[in-house]
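The values are calculated or read from the model by the stated rules, or taken from the named source; none is laboratory data. Keep in mind the model is a prediction, meaning the values are calculated, not measured. So basically every Cβ, Gly included, is an ideal-geometry build from the backbone, and we count neighbours across all protein chains shown. Accessible surface is based on the protein model in full, side chains and every heavy atom, while ligands, DNA and RNA are left aside. Shrake-Rupley method; radii C 1.70, N 1.55, O 1.52, S 1.80 Å.
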Amino acid sequence: MATPKILVLGAGYGGLMTVKGLTRSLGASDAEITLVNQNPYHYFTTELHKPAAGTAHHDHARVNIASVINTNRVNFVVDRVTSINPSENKVYLENHTLDYDHLVIGLGSAPETFGIKGLLENAFFIRNIDSVRMIREHMEYMFARYKNDPKEEYLTIVVGGAGFTGIEYVGELVDRLPELCREYDLPQEKLRIVNIEAAPTVLPGFDQALIDYAVEYLKGKGVEFYLGVPIEECTKDGVVLKGGEEIKSSTVVWTGGVRGNKLVEESGIETMRGRVKVDENLRAPGHDNIYVLGDSSLVIPKEGERPYPPTAQISTQQGQYLGKHLPQLMRGESVHAFQYAPKGTVASLGNRVAIGVVGSKKLFGGSASFMKKLIDLRWLFLLGGISLVLRKGKL
């Protein structure tokens, strides 16, 4: 009997946890495991706001995949997925064609633009290592131009979206900009950070006391909030808001939401806004051998309730679940349903201040920031043990 082939697409939080679990739960002759990723490194999406603002080097937010997986057990292929063909059990890459018996899709997300005109063409996105490097370099170039050509839009940064990523990025900016003012000899009073959100509040889903703390802290650092005001158009000169107000800015960064990877939609797998409503074992509807996790999956706690938001925390738990239980599912055995167990939620407002909830306890300021760092260290430990914590961890 041929050795079953397990193909894992994407080395994000879910994909890596799946592969690491499978190497423990399967013997060397039980299955052939292949991991495909576009880059030779994994990047920490929860850390990308830091290099985007320039408060950390981009290398701090990535780790070489070959250093954290067992390459004697896993075929690691660095290539870009171009299409998925479930009817033939094949995946097409730019330079390879791979077949599978069991497929795990963890390809991440794409920006959700909500049809805003000009957004894809004129805004920056906090998406990956290359995109955050571009944001930082562009912002600093605009600051450098100001001395010879003092246009206020060079010193105006517009952040679209006040969810997790948007608020964490704004928090890093308020830490970083005073340093840049000194470096480029700029008048700090001319700097503007404008955070625009179509919803009536920042950080939807957070407790109101935590939201109030975050807004007051950031306002105290000079951040301007436009809440309940959608962006209607993004141009090369800035953004136009509903109602016609224009904010001129040379640096517009969009953080206002994600949708599933278009490759999943194009494969013919049933999706909702690019995301797959998976069953209790994380399988795609109508496909017993295809599992979807991370940003491309929809996990709904109970019928009629809203799906869980796509976070690194749920992706990690999905990967741990598949890494442990996929061998049983392959054999047709029944296993318990995937149950997401939130460990707490913390949003940073810069390096030393944060807000969060752990259990029933609300955290503010320095204690929340310390908890955020512990959460980051936990992921490093899960991924690469104590050696990776010592190499990458910071308190």
Among the numbered criteria (1) β-branched (V, I, T); (2) open to solvent by less than 30 Å² (accessible area, probe 1.4 Å); (3) under 24 Å from L218 (Cβ atoms), which single criterion is violated by I129? (3)
Sort out which residues of segment 115-149 are in a loop (DSSP other than H, G, I, E, B) and either within 18 Å of the chain's Cα centre (by Cα) or within 16 Å of T235 (Cβ to Cβ) (or both), and write them in order of number. G115, I116, G118, A123, I126, R127, N128
Would you mention how many residues in segment 202-222 are surrounded by fewer than 16 Cβ atoms within 10 Å (Cβ to Cβ) and either without any contact (Cβ under 8 Å) to a residue 40 or more places away in the chain or under 16 Å from V357 (Cα atoms) (or both)? 9
Tell me which residues, restricted to segment 128-162, are at pLDDT below 95 and touching a Leu at 6+ places or on another chain (Cβ under 9 Å). K147
Which of the strands (runs of 3 or more DSSP E) contained wholly in segment 285-358 include at least 2 residues that are surrounded by fewer than 17 Cβ atoms within 10 Å (Cβ to Cβ) and among the basic types (K, R)? none
Single condition E152 does not satisfy, out of (1) free of Cβ contacts under 8 Å to residues at least 40 places away in the same chain; (2) over 29 Å from L107 (Cβ atoms); (3) open to solvent by 50 Å² or more (accessible area, probe 1.4 Å): (1)
Pull out all pairs, ordered by first then second residue, where Cβ-Cβ is under 6 Å, the residues are six or more apart or on different chains, the first lies in segment 91-102 and is free of Cβ contacts under 8 Å to residues at least 12 places away in the same chain, and the second is open to solvent by 30 Å² or more (accessible area, probe 1.4 Å). Y92/T82; Y92/S83
Tell me whether segment 361-376 contains one or more residues that are among the hydrophobic types (A, V, I, L, M, F, W, C), touching a helix residue (DSSP H, G or I) at 6+ places or on another chain (Cβ under 7 Å) and not in a helix (DSSP H, G or I). yes
Which of the following residues is crowded, with 19+ Cβ neighbours inside 10 Å and without any contact (Cβ under 8 Å) to a residue 40 or more places away in the chain: L186, L191, L173, L119? L191
In segment 55-110, anything assigned to a loop (DSSP other than H, G, I, E, B), in contact with a helix residue (DSSP H, G or I) (Cβ under 9 Å, 6 or more places away or on another chain), more than 25 Å from T311 (Cβ to Cβ) and open to solvent by less than 60 Å² (accessible area, probe 1.4 Å) is listed as R73
Considering segment 1-24 alone, what residues qualify as being buried (at least 18 other Cβ atoms within 10 Å of the Cβ) and not in a helix (DSSP H, G or I)? I6, L7, V8, L9, G10, A11, G12
With respect to V240, is the statement that it is β-branched (V, I, T) and in contact (Cβ under 8 Å) with a residue 24 or more places away in the chain true? no
Residue pairs qualifying under the 6 Å Cβ cut-off, at least six apart or on distinct chains, with the first in segment 223-237 being at positive phi and the second being open to solvent by 40 Å² or more (accessible area, probe 1.4 Å), are G228/P200
Would you say V276 is outside any strand (DSSP E or B), over 30 Å from D175 (Cα atoms) and in contact with a Ser or Thr (Cβ under 7 Å, 6 or more places away or on another chain)? no
Which numbered condition in (1) of a type outside the set (A, V, I, L, M); (2) open to solvent by 10 Å² or more (accessible area, probe 1.4 Å); (3) under 21 Å from K50 (Cβ atoms) is the only one that G160 fails? (2)
Looking at segment 302-317, is at least one residue farther than 24 Å from G160 by Cα, among the basic types (K, R) and over 23 Å from the mean Cα position of the chain (by Cα)? yes
